[in-house]
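Below: one structure, written as structure tokens.
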Amino acid sequence: MNDLFEYWQLLLIPLFFGLGWAAARVDMRQVVHESRALPRSYFQGLNFLLNEQPDKAIDSFLEVAKVDSETVELHFALGNLFRRRGETDRAIRMHQNLIDRPDIEEGVRLHALSELGQDFLKAGLLDRAEEIFNKLLESDYAQEAKRNLLEIYQVEKEWLKAITIARELPEFVTQQDIAEFYCELAADELMRSRPEEARSHLEAAVQQNRKCVRASLLLGDLALQSGQLDEAIAAWQRIEQQDPPYLALVAHRLLETYRKLGRREEGIALLRGYLERYASLDLLEVVYQLVLENEGNEAAYRLVRAELQRNPSLLGLEKLMTAHLPIAPPEVRSDVDLARTIIQGYTRRLSRYRCNDCGFKARQFYWRCPACGGWETYPPRRTEEFDQSM
């Protein structure tokens, strides 16, 4: 009985094979039928792509788009390709052609309008891009339009508009970002000598982010402008509770304010304490100059030597050579200077700030990365310190 059952199963194999062959024939006929309907330029374009000739492939695909009015997806693909290649004029024409078609579906038209807005944004035509994205605010592309509008407002420094649109993007924009927008407004008011308006914006920034270091820094600057020196020092000292590495950004401010108050020794002691607790090459530079000015070359050299032993670095070694040069014996002074010059060749690359998000390096500190646009992505540490902490 079992043998008979197994033989019966074997008879099914040819049947299944035949059914599969028939189905394949039907599929192949469909493929052949559809391929015959495609223009010759389409296959030429594919051939150019396979032979790594992208420019000729694009020309062939453009010919397909002209011949077949139904190739909407090909229009979008070519438009996006042009935009990525920086050929924004061609991308704009491609998407504008779609929008101008009288028989186009509304969903496709809105998609083309969104792509056209991104073309204008990439081309730097911000006014035209803003106009398009505003038209899309009531469509299915509203969220994407708001994100693009936010980028435009940041580039144009329209911070009140940026705050308004940011509040509508809670999943995309952080409270930290909104606090930075308020800080930008405050910094502008400070430049215009309008302290009350600046204070109002800074209070709003702190409400958004109580650990906003930049707000504390600007509140200190505001107090200093008003002659409230103790209040300025208190504002800058709050940074220690918010994010201690940023103390390096206010070290010079603290020192000069203590000097104005006639309390220089107190300021020196404060900064030396910061350096001991929060090692920083920028703090070291400030404290080094202080010690050099007040205690002389020997004391400045001992300070740098002790810091280098505690936190070894090439930048620290360069500073040690600089500190050692004035007190080195005449017979070795040229050798010390030569060693310092050689080290400087390596430390130029290590003395830059680096963005945590995209890795962009710069000689100066930025609150917003000029490359990726991230806020507070530059730690107040040099590249060498950054690498050592990884």
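The values are calculated or read from the model by the stated rules, or taken from the named source; none is laboratory data. Predicted model only: the values in this text are computed from it and were never measured. Glycine gets a Cβ as well: all are built from the backbone with ideal geometry, and neighbour counts include every protein chain shown.
Inside region 267-339, counting only helices (runs of 4 or more DSSP H) that do not spill past its ends, which hold 1 or more residues that are surrounded by fewer than 17 Cβ atoms within 10 Å (Cβ to Cβ) and of a type in the set (D, E, K, R)? Show your work before the answer.
On the way: elements: 281-295, 297-310, 314-324.
It comes to 281-295, 297-310.
Of the conditions (1) at pLDDT 85 or above; (2) of a type in the set (Gly, Ala, Ser); (3) exposed (fewer than 15 other Cβ atoms within 10 Å of the Cβ); (4) part of a helix (DSSP H, G or I), ALA77 satisfies every one except a single condition; which number is it?
(1)
Take VAL250 and decide whether it is β-branched (Val, Ile, Thr) and not assigned by TED's automatic domain parsing to the domain that holds LEU275.
The answer is no for VAL250.
Quick check on this structure: which one of LEU292, LEU315 is touching a Ser or Thr at 6+ places or on another chain (Cβ under 7 Å) and of a type in the set (A, V, I, L, M)?
Answer to the check: LEU315.
Considering only region 334-375, state which residues are in contact with an Asp or Glu (Cβ under 8 Å, 6 or more places away or on another chain) and touching a residue at least 24 places away in the same chain (Cβ under 8 Å).
Result: ILE343, GLN344, THR347, LEU350, SER351, TRP367, ARG368, GLY373, TRP375.
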